[in-house]
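Here's the structure, in structure tokens; my notes come after.
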Amino acid sequence: MRQPRVPTFVFAPDPLFQAGVEAQLRARPEVHLVTDVDDAAVAVVAGDEVDDAAVRSIRALQRNGCPRVVAVVGRLDDSGVLAALEAGACGLLRREDATAEALVELIRRAADGDGSVPPDLLGRLMAQVGRLQREVLAPRGLTLSGRTDREIDVLRLVADGLDTAEIARTLAYSERTIKNIIHDVTTRFCLRNRTHAVAFAVREGII
């Protein structure tokens, strides 16, 4: 069965660059170019590099109703990858690699909810994430998810059906500490109650 065409919006500060990207996509049956970001499933930001303007464009497109944004840039280094991903981009491609086939694959993967980073940069990105965990978060008792190991232990025990007193005995904390931990987690992540907290933990892969 043929997959539906992906409504795609292209934005570039340089009109010639934008016209070039659109020309490559216009003939592709997998993509349907749209002129309004509100109609797009995926937005493509094209530029020379991931600079402040590109970051603002990625964020603006998301605010305007297109949660899946990819970037095609001439220069892409480690800092550019991090800046784009922090801004919310879900896919990156160098201009020199931006054939019609590569563009379509980038857009299709974004529409399917997947991410894409050039392979030579992916390993370095993972190394940076590892250093962040080891050197910055771990010494503070934090994880990449923003939750401490102690919070994760409490959430798991809540999911097991233990009450506050039982969790306190199991972890050798006071009941007041357990109550404070649960309150902090529910407040920080806008959770309504313990049941909602358990559902959140399941969804996030904690338990």
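The values are calculated or read from the model by the stated rules, or taken from the named source; none is laboratory data. Everything numeric here is computed off the predicted structure, so don't read it as measured data. Here Cβ is always computed from backbone atoms with ideal geometry, including for glycine, and neighbour counts include all displayed protein chains.
Of note:
- Given (1) touching a residue at least 60 places away in the same chain (Cβ under 8 Å); (2) surrounded by fewer than 17 Cβ atoms within 10 Å (Cβ to Cβ), index of the condition Val44 fails: (2)
- Residue in segment 66-84 that is more than 17 Å from Ser116 (Cα to Cα) and assigned to a helix (DSSP H, G or I) present: no
- There is no residue in segment 154-168 that is part of a loop (DSSP other than H, G, I, E, B), under 26 Å from Leu61 (Cβ atoms) and modelled with pLDDT of 85 or more.
- Scope segment 63-79; condition out of contact with any strand residue (DSSP E or B) (no Cβ under 6 Å at 6 or more places or on another chain) and farther than 14 Å from Ala111 by Cβ; matching residues: Arg63, Asn64, Gly65, Asp77, Asp78, Ser79
- Among the residues examined, Leu61 qualifies as under 12 Å from Thr8 (Cβ atoms), in contact (Cβ under 8 Å) with a residue 40 or more places away in the chain and in a helix (DSSP H, G or I).
- Test: residue in segment 142-149 that is surrounded by 15 or more Cβ atoms within 10 Å (Cβ to Cβ), outside the structural domain of Asp97 (by TED's automatic domain parsing) and at pLDDT 80 or above: no
- In segment 99-117, residue surrounded by the most Cβ atoms within 10 Å (Cβ to Cβ) [restricted to those that are part of a loop (DSSP other than H, G, I, E, B), at pLDDT below 90 and out of contact with any Leu (no Cβ under 6 Å at 6 or more places or on another chain)]: Gly115
- Residues in segment 67-94 that are surrounded by fewer than 21 Cβ atoms within 10 Å (Cβ to Cβ), out of contact with any Asp or Glu (no Cβ under 7 Å at 6 or more places or on another chain) and under 18 Å from Gln18 (Cβ atoms): 1 in all.
- A search for C-beta distances below 7 Å between a residue of segment 181-202 that is closer than 15 Å to Ile167 by Cβ and in the same structural domain as Thr164 (by TED's automatic domain parsing) and any residue that is among the hydroxyl-bearing types (Ser, Thr, Tyr) and at pLDDT 70 or above, counting only pairs 6+ apart in sequence or on different chains, returns Ala197/Thr186.
- Looking across segment 1-40, the residues that are touching a residue at least 40 places away in the same chain (Cβ under 8 Å), assigned to a strand (DSSP E or B) and out of contact with any Lys or Arg (no Cβ under 8 Å at 6 or more places or on another chain) come down to Thr8, Phe9, Phe11.
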